[in-house]
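First the structure, in the form of structure tokens, and then the observations on it.
Nothing in this text is a laboratory measurement; each read-out follows from the coordinates by a stated rule. In this text the structure is predicted, and so the values were computed from the model without any measurement. Positions of Cβ are backbone-derived with ideal geometry, glycine not excepted, and every protein chain shown enters the neighbour counts.
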């Protein structure tokens with residue numbers, strides 16, 4: 001064997017080993033980007049899909065991909081016809097790990113909700129029916145009978161489309177069929193549990209990519225260094241382009257998008273790294289990185305859930321990388337002498353046909369499989385996590401989370417979680433149990449407090465109600481309160497309808513808001529029937545069921561107010577006629593004098609005396625006299641306004657205070673009073689009708705009046721003149737007086 005051939009074989013084997021480390025990279029990347037409860041499931045899928053790809057590619061894939069071509073569509077070689085010489089075996093090994101790479105792309109996209117069996121079947125479809133066929137079109141056949149795309153000059157050096165886009169197309173079909181993860185597009189979405197491991201996975205992929213691209217030369221020659229440099233430039237440009245994109249759009253560098261930017265940059269140069277210049281690799285890689293970010297954003301907006309961004313990192317950058325061969329590549333590196341437009345059309349043809357075949361076959365077969373055997377796990381399994389539901393495997397952290405979730409769902413926090421000594425979850429579990437113990441202690445205190453509050457609320461001592469300050473509804477009334485407000489149990493009452501005086505309501509609510517409580521405020525309220533009553537009200541601000549509330553307690557003082565009013569009436573008014581007594585009249589008169597002088601208002605006083613009243617008592621008796629005085633006061637009040645005051649000074653003599661009244665107004669009021677009394681006879685107890693008259697003296701407030709007594713004295717003097725001049729008349733004060 002030629003020494004150069006031996007070196008080439010060693011190089012191909014070494015690169016195959018490098019590419020196999022990409023499986024470890026995918027495993028780390030995908031495990032870090034999913035939640036801990038699914039990390040074992042993702043890892044084992046990466047391992048198993050490589051096992052599947054290896055055997056299927058050996059049995060079927062290699063012969064279909066590289067056997068003698070049938071019409072340029074598929075190879076016809078069987079596994080028994082594969083040569084066992086060193087170069088062929090090295091080539092076979094290299095292509096086998098390529099098949100494993102394409103297959104494992106799907107794993108990350110459908111992570112956390114595709115069943116293990118479903119993924120097993122999907123890996124069989126990709127490794128046996130899709131990847132070998134599209135690979136044959138671009139790379140397979142012989143010089144005399146090549147694959148049909150290879151025959152027209154299609155160039156995909158290391159598999160931007162053959163490996164990465166094909167895997168991406170199947171990933172897209174799978175996520176469209178099984179749908180998004182539960183909670184993926186709600187709230188904050190779903191975050192990976194271990195970003196450092198995911199970043200380590202990207203480094204391993206980048207490391208393996210040197211073998212991926214470098215080994216595709218299938219010889220260790222002078223072009224290999226350029227291929228490796230272009231690989232490095234593409235990954236770096238893609239990562240930095242994604243970094244700038246996230247900084248500009250999201251105002252911070254987002255780790256998952258930057259990682260996928262690196263991968264996208266590597267995919268973007270894979271098709272043309274054999275003839276790209278380093279500058280062209282930077283352009284292709286940077287554009288691929290930006291396309292990956294835009295694709296991720298678009299998929300989020302359309303609710304296509306790709307757990308690790310496989311479609312964004314492999315499918316779209318793979319399409320771009322294949323087209324970039326014609327856009328930024330060196331024509332001398334193309335298989336045939338085409339111009340750029342011709343080469344671009346050929347590249348487009350390859351991208352479209354391989355994409356259509358990969359997507360249609362993937363979607364159709366996965367749809368059929370899903371009808372027979374659901375690809376997605378149940379909702380309960382997904383919630384539990386695929387580590388446990390699919391493999392019965394867990395971690396101490398996952399076990400702890402499961403116990404905590406059981407606490408949350410069951411609502412029973414009386415028992416702590418199990419503590420596993422010497423594990424990473426031990427300190428978390430112990431701290432959780434300490435917090436739980438404190439919560440249980442506080443819960444017991446709260447229950448005891450609630451019991452005491454309930455006892456108070458249901459007490460028959462006072463009516464108690466809870467007012468919701470947000471809705472202004474009385475949410476709770478105890479039995480006494482229901483009785484007070486004339487309500488049936490469960491009957492609602494708008495708080496605003498309680499108040500007779502809106503000013504009292506505003507004062508109570510404002511004080512409670514500012515001070516937190518109100519104590520023994522006298523207010524007038526009304527019940528559901530509209531009946532008013534007086535109450536002493538106390539209120540305390542409280543928070544109940546996330547609502548600001550007032551706890552109101554009432555003490556009905558209507559009876560007390562009635563007694564107080566009666567006592568006040570007796571203390572300030574004549575018991576026979578209801579007119580103000582002299583002391584109360586004096587108090588009101590002095591107050592009105594001060595008001596009149598302050599605001600410049602008029603004020604007059606009338607002194608009134610029943611004519612010949614002694615004869616009434618002597619003739620008809622005191623009972624008849626009392627009836628006359630009562631009727632007299634009633635007639636007087638009919639002639640007065642609400643702001644005027646009548647007082648009994650003694651016997652049959654009365655004083656009348658006319659507020660805001662000048663001389664002419666007082667004269668008119670007095671004469672009207674005289675006429676009204678004269679026209680209305682009084683019915684005596686024996687039925688006889690008695691006509692009476694009155695004499696009236698009037699006086700107007702002067703600036704020199706010291707108090708009401710001087711004003712009353714002048715009115716009294718005028719009264720005497722009225723009596724002296726024949727009675728049943730009105731006399732006013734004289735100027736001399």
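Here is how the numbers come out for the structure above:
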item: Kirkwood hydrodynamic radius of region 3-380, Cα pairs, Å; result: 20.3 Å
item: Calculated FRET value between residue 352 and residue 10, using beta carbons and R₀ = 41 Å, to 0.05; result: 0.60
item: For q = 0.18, 0.21 Å⁻¹, Debye-computed log10 I/I(0) when each Cα of region 225-365 counts as one equal scatterer; result: -0.97, -1.16
item: Two-site FRET efficiency, residue 408 against residue 203, from Cβ-Cβ distance with R₀ of 35 Å, rounded to 0.05; result: 0.40
item: Percent RCO, i.e. relative contact order, over region 458-562, from Cα pairs under 8 Å lying at least 6 residues apart; result: 28 percent
item: Extended-chain gain in nm, criterion 0.36 nm per residue less alpha-carbon gap, residue 442 and residue 572; result: 40.8 nm
item: Average Cα contact separation per residue, the chain, under 8 Å, 6 or more apart, as relative contact order %; result: 10 percent
item: Relative contact order for region 19-113, counting Cα pairs under 8 Å that sit 6 or more residues apart, in percent; result: 36 percent
item: Inter-probe distance in nm under a simple model that places probes 7 Å from Cα toward Cβ, at residue 521 and residue 689; result: 5.6 nm
item: Mean shadow area of region 573-732 over all directions, Cα convex hull, nm²; result: 8.8 nm²
item: Between region 592-662 and region 249-279, the alpha-carbon center distance in angstrom; result: 106 Å
item: Pair residue 676, residue 2: separation of 7 Å Cα→Cβ label points (nm); result: 13.8 nm
item: Percentage of interatomic Cα-Cα distances in region 1-144 larger than 27 Å; result: 27 percent
item: Spin-label proximity, residue 336 to region 114-134 - amide N less than 20 Å from point 7 Å beyond Cα toward beta carbon; result: 134
item: Area projected by the alpha carbon convex hull of region 458-562, averaged over all directions, nm²; result: 6.4 nm²
item: Rounded FRET efficiency, nearest 0.05, which uses the C-beta distance separating residue 488 from residue 546 and R0 of 22 Å; result: 0.20
item: Gap separating the Cα centres of region 319-341 and region 125-165, nearest whole Å; result: 17 Å
item: Kirkwood hydrodynamic radius of region 184-255, from inverse mean 1/r over distinct Cα pairs, in Å; result: 14.7 Å
item: More than 34 angstrom apart: percent of Cα pairs within the chain; result: 67 percent
item: Ratio Rg/Rh [Cα only; Rh per Kirkwood] for region 681-737; result: 1.20
item: Inter-label distance, nm, simple model (7 Å from Cα along the C-beta direction), residue 86/residue 222; result: 2.5 nm
item: Tilt relative to the chain, helix 86-109 - C-alpha long axis, 0 to 90 degrees, to 10; result: 10 degrees
item: Segment residue 116-residue 595, extension gain: residue separation times 0.36 nm, minus the distance between their alpha carbons; result: 162.9 nm
